[in-house]
Amino acid sequence: MILARVRWWRAAVGCVAAALAVAGFVFTNTKAPAQQGEPIKIGFSMALTGPLAPNGKQALLGMKIWEEEINAKGGLLGRPVKLIYYDDQSQSAPVPGIYTKLMDIDKVDLVIGPYATVPAAAAMPVVMQKGKVFIILFGLAVNSEFNYPKFFAMIPSGPDTKPAFTEGFFEAAAAQNPKPQTVALIAADQEFSRNACDGARDNAKKHGLKVVYDKTYPPTTTDFTPVIRAIQAANPDVVSVCSYPLDSVGIVKTVNELGYKPKMIGGAMVGLQATKSLDDNKLADHIAKTTFKTIMGDIKFGKGGEWEKGRMLQVQYHSIKSTELDQFRGMDTQTVLTPGEYKTGTAIYPYEKAKN
């Protein structure tokens with residue numbers, strides 16, 4: 001059975017809009033009052049090229065939709081909004097320079113984060129030095145070492161960030177009869193995947209699974225045959241994968257090509273109006289204390305700027321009959337397994353039965 005985290009980046013439009021709403025960027029009047037003065041400039045970097053570009057472009061689209069809608073309603077505090085952004089190429093190296101330019105040269109009023117863990121972590125020292133509120137999109141445990149009080153993350157992992165991405169996977173495994181006894185752990189050698197794999201180790205221990213394989217692979221890997229063959233040789237009952245989008249495709253393809261049939265494989269396969277102010281301290285205080293109603297449901301931030309309650313979904317894909325995308329548009333080929341309040345069915349076990 002191939003299990004994968006619901007692709008929250010497919011809801012990037014909703015998450016970005018929610019993030020902006022969380023920062024107080026909400027204009028509730030239905031009429032559009034006249035806009036006056038200089039625009040409120042909001043700056044960020046975004047993955048527009050490189051391996052994270054498909055996700056980054058969706059996130060940017062969500063921001064542009066919000067910019068258009070908010071300006072049609074009169075902007076913020078009676079001023080128009082202008083987004084200023086630069087391509088970070090899905091890498092960490094350009095990010096500090098981008099955020100320095102945004103704040104020192106472009107003179108943006110507010111900054112928000114890039115997409116993903118690695119670029120977001122690279123921006124943190126610059127943002128912290130300037131004392132800016134920082135809301136990021138889909139970065140895992142970015143603030144765990146910085147402990148920055150003006151940081152907030154738009155990711156549904158909840159307060160226990162590292163185990164959250166694989167918690168549902170291990171819960172589903174532990175519920176099977178007979179219960180699997182061994183697990184292999186693989187992860188890309190990058191910050192997000194390493195963080196998620198740290199959590200996978202905790203989850204394996206929690207559920208009494210013996211780790212028989214635990215390795216990372218270089219981020220530049222394109223041929224996963226040696227990786228999968230090494231896992232086959234370890235003969236685990238289940239395989240936990242912590243990967244980026246292109247890696248996930250390569251791993252799934254290789255598993256199928258080699259006819260590898262573990263019993264389970266998957267895991268972490270990848271608002272201002274209220275404060276009447278642009279002051280970062282007031283914004284941070286408001287964000288930390290408020291429950292926000294968004295298109296993603298109610299969101300309340302807790303310790304470290306993470307969501308007070310996690311909302312990671314674990315789904316099982318099944319009955320995949322072709323490579324056509326239309327079969328993934330509804331729920332016919334996917335079942336929500338956890339959390340319990342969102343469950344739509346039970347897991348098909350073992351793996352090969354889910355392919356039919």
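Below are the figures for this structure:
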{"read-out": "The one condition in (1) under 18 Å from residue 193 (Cα atoms); (2) in a loop (DSSP other than H, G, I, E, B); (3) not aromatic (Phe, Trp, Tyr) that residue 119 fails to fulfil", "value": "(2)"}
{"read-out": "Out of 300, 309, 321, sole residue that is part of a loop (DSSP other than H, G, I, E, B), among the charged types (D, E, K, R), under 23 Å from residue 164 (Cα atoms) and at pLDDT 70 or above", "value": "309"}
{"read-out": "The one condition in (1) closer than 20 Å to residue 307 by Cβ; (2) part of a loop (DSSP other than H, G, I, E, B); (3) under 16 Å from the mean Cα position of the chain (by Cα) that residue 146 fails to fulfil", "value": "(3)"}
{"read-out": "Elements of type strands (runs of 3 or more DSSP E) contained in the range 151-256, each with 1 or more residues being more than 30 Å from residue 284 (Cα to Cα) and touching a helix residue (DSSP H, G or I) at 6+ places or on another chain (Cβ under 9 Å)", "value": "182-188, 210-217, 238-243"}
{"read-out": "Evaluation of residue 354 against (1) among the aliphatic types (A, V, I, L, M); (2) more than 23 Å from the chain's Cα centre (by Cα); (3) modelled with pLDDT of 75 or more (one fails), failing number", "value": "(3)"}
{"read-out": "Residue within the range 90-112 that is part of a loop (DSSP other than H, G, I, E, B), within 23 Å of residue 301 (Cα to Cα) and within 20 Å of the chain's Cα centre (by Cα) present", "value": "yes"}
{"read-out": "Which numbered condition residue 245 fails, given (1) crowded, with 21+ Cβ neighbours inside 10 Å; (2) at pLDDT below 90", "value": "(1)"}
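The values are calculated or read from the model by the stated rules, or taken from the named source; none is laboratory data. Please read all numbers here as calculations on a predicted model, not as lab measurements. Because the Cβ atoms are built from the backbone with ideal geometry, glycine has one as well, and the counts that use them run over all protein chains shown.
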